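Data block below; observations after.
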Amino acid sequence: MSTCIKDFNISEVEKIFSEMQEPLYRSKQLFNWLYERNISSFTEMTNFSKDLREKLNSKYSVSALELADRKISNIDGTEKYLFKTSDDEYIESVLIKSEGDDSGRLTICISSQIGCNMGCEFCETAKIGFRRNLTPGEILDQICHIRRITGLINNNVVFMGMGEPMLNYDNVLKAADIMNYSYGFHLSVRKITISTCGVLPLIERFIDEKRPYNLALSLNDTLSEKRATTMPIEKKYPFSSIIKLLNEKFPVSRNRLTIGYVMRKDNITDDDVKRLKKMFRYGRIKLNLIPLNPGKHSLNIPTADEINHFLKELEIMNIPVSIRKSMGQDISGACGQLSGEKYK
Ligand code: SAH
């Protein structure tokens, strides 16, 4: 099992080449092959000598993942991918096309861990438990494969697949930096969103290190006691402490913050609206509403009328909201439904 070359950032690749007594510009050439041209083998790197290609090939692999399955939704064209890692584990990723709206957004929703130990009641990945963190190469390769298979270039990445990205902090941030890097995917920092259930010390580290990416906090409730019944993390880091941290420290001008809110029958009352209003009186955040998707949970899905009422009340209170359409329902590719398939 050789190391994937995509595990390395540009300075690490420079070190590899300098040890091989190769000129430094090889590093940028290599990055260009890996991410801009998205090749699948060292053989294709035609401006490298045969000798160098063979040397690289003997030590490293270009791909960290293998495609195991691809499903395309008949409803909205959403595509769900199942990938196999070199140690025979499975992860899922989703390609979401925003055709119909005029945003021109093409999003890849990627996984950061194999399984997850956060134990959220409504989430399918939680049912697997935690298996291991993904490497930077495995995180990036999800995008490489989907781009190569579809011939499409996504302009948006969300860490909202399997896993809790903050608990794989180093690898997630390293991969995000390569996505943003001009010789990597060259994606704007504004088009990369890291979503967390609320691991306070790592959110603080993210802020202190001035990481430029968007942050999404999965809130899902306005009462601590209630949130604790579906999201165990609440007992360790109550959301009030996170909101306090964000209000004090989150740089409004640089970062963008969204609050994820999975709508259930019992968390969209008028009292919830009032509490949301109080919580976000500074008005610098957006509430991202997500309809609860079916799964192995016993929570109740709200009706369209109930959702519309909630929306209207939020509007009256002047709370900026966006509502996420539930994409890829027929392929279990919607929010919270990723389970790696093989672990079912
Ligand atoms: N661990 C991270 C990222 C993965 S979950 C986090 O918690 O943010 C990505 C999003 O899917 C979260 O906002 C989560 O609340 C949502 N989600 C999980 N299960 C869901 C379900 N059954 N229906 C709708 N959204 C769900």
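Restricting attention to the chain, close to 45% of DSSP beta bridges with both partner residues there are antiparallel. Helical runs (DSSP H, four residues minimum) scored at -39500 (n - 2.57) apiece and divided by the length of the chain put the mean residue ellipticity at 222 nm at -9500 deg cm²/dmol. Phi angles across region 209-215 convert, under the Karplus curve 6.51 cos²θ - 1.76 cosθ + 1.60 with θ = phi - 60°, into 3J(HN,Hα) values of 7, 6, 5, x, 7, 5, 10 Hz, Gly and Pro given as x.
At 1.4 Å probe size, put Asp271, Asp221 in order of accessible surface, largest to smallest. Mind showing how you got there, number by number?
Numbers: Asp271 85, Asp221 0 Å².
I get Asp271, Asp221, largest accessible area first.
As a size descriptor, the averaged projected area of the C-alpha convex hull of the chain was calculated at 17.4 nm².
Which FRET efficiency, nearest 0.05, do Val321 and His186 yield, Cβ-Cβ r, R0 22 Å?
Values: r = 31 Å, r/R0 = 1.40.
After rounding, the FRET efficiency stands at 0.10.
In this structure Arg70 has an accessible area near 90 Å², from a 1.4 Å probe over the protein heavy atoms. As I understand it, the value is the acute angle between the Cα axis of helix 136-150 and the longest principal axis of the Cα atoms of the chain; what does it come to in degrees, rounded to 10? Compared with the principal axis, the helix lies near 90 degrees. With a 1.4 Å probe rolled over the protein heavy atoms of all chains, the accessible area of Ser58, Ser41, Ser339 falls in the order Ser58, Ser41, Ser339, largest first.
Expressed in nm², what is the orientationally averaged projection area of the convex hull enclosing the Cα positions of region 3-61?
Averaged projected area of region 3-61's Cα convex hull equals 3.5 nm².
Label separation (Asn57 vs Ala304): 5.7 nm, computed from points 7 Å beyond Cα along the C-beta direction. Relative to the current alpha-carbon distance between Lys286 and Ile153, full extension at 0.36 nm per residue lengthens the span by 45.2 nm.
What trypsin sites (Lys or Arg not before Pro) does region 1-41 have in DSSP loop regions with at most 12 other beta carbons within 10 Å? Intermediate results must be reported in sequence, preceding the final value.
Details: sites: Lys6, Lys15, Arg26, Lys28, Arg37; in loops: Arg37.
Here the trypsin sites (Lys or Arg not before Pro) that fit, given the DSSP loop and packing criteria, are Arg37.
Just to confirm, what accessible area per residue do you get for region 187-311 at 1.4 Å probe, in whole Å²? All intermediate terms of the calculation are to be shown ahead of the outcome.
Values: 5670 Å² over 125 residues.
That works out to 45 Å² for each residue.
Where in the chain lies the longest segment free of GluC sites (Glu not before Pro) that are both loop residues by DSSP (not H, G, I, E, B) and have at most 13 other Cβ atoms within 10 Å? Don't skip to the end; give the middle numbers.
Values: sites that count: Glu99, Glu209.
Longest site-free region, per DSSP loop and neighbour criteria: 210-344.
Give me the net charge of Asn288's neighbourhood, meaning all other residues with Cβ under 12 Å from the Cβ of Asn288; Lys, Arg count +1, Asp, Glu -1.
Details: positive: Arg256, Lys286, Arg324, Lys325; negative: none.
That sum, taken over residues with Cβ under 12 Å, equals +4.
As a size descriptor, the averaged projected area of the C-alpha convex hull of region 143-223 was calculated at 6.2 nm². For region 189-248, the square roots of the Cα gyration tensor eigenvalues, ordered a ≥ b ≥ c, give a/c of at least 1.5 with a/b greater than b/c, which places it in the prolate category.
If you keep only loop residues by DSSP, which chymotrypsin sites (Phe, Trp or Tyr not before Pro) in region 222-308 have at most 16 other Cβ atoms within 10 Å of their Cβ? Hits after loop and neighbour filter: Tyr282. Of the whole protein surface, Cys116 contributes about 20 Å² of accessible area at a 1.4 Å probe radius.
Taking Cα atoms, how many degrees apart are the long axis of helix 10-19 and the longest axis of the chain, rounded to 10 and kept between 0 and 90? Compared with the principal axis, the helix lies near 20 degrees.
With an a/c value of 1.5 or above and a/b larger than b/c for the gyration tensor axes a ≥ b ≥ c computed over the alpha-carbon atoms, region 18-120 is described as prolate. A cut-off of 5 Å between modelled amide H atoms, ignoring neighbours fewer than 5 places along the same chain, links Ser98 with Arg105, Thr107. Around Leu287, which amide H atoms from residues at least 5 apart in sequence, or from another chain, sit under 5 Å from its own amide H, with H modelled in the peptide plane? For Leu287, whose amide H was placed from the backbone, the distant partners under 5 Å are Ile259, Val321, Ser322. Near the amide H of Thr3, within less than 5 Å, lie the amide hydrogens of Ser61, all on another chain or at least 5 residues away, with H placed in the peptide plane. Taking Cα centroids, how far is region 1-58 from region 295-344 in Å? Using only Cα atoms to place each centre, the spacing works out to 43 Å. Rounded to the nearest 10 degrees, the angle from helix 50-59 to the longest Cα principal axis of the chain is 50 degrees. By the Cβ-Cβ criterion of under 4.7 Å, the unpaired cysteines of the chain are Cys4, Cys109, Cys116, Cys144, Cys197, Cys335. Which of the trypsin sites (Lys or Arg not before Pro) found in region 84-123 are in a DSSP loop and have at most 15 neighbouring Cβ atoms, other than their own, within 10 Å? Answer in residue order: Arg105.
Label region 36-183 by shape, choosing from rounded, prolate and oblate, from the square roots a ≥ b ≥ c of the eigenvalues of the Cα gyration tensor; if a/c is under 1.5 it is rounded, and otherwise prolate applies when a/b is larger than b/c, oblate when it is not. It comes out oblate by the Cα gyration axes.
The values are calculated or read from the model by the stated rules, or taken from the named source; none is laboratory data. All values derive from a computational prediction rather than experimental measurement. So basically every Cβ, Gly included, is an ideal-geometry build from the backbone, and we count neighbours across all protein chains shown. Protein only, heavy atoms only, side chains kept; ligands, DNA and RNA dropped before computing areas. Shrake-Rupley method; radii C 1.70, N 1.55, O 1.52, S 1.80 Å.
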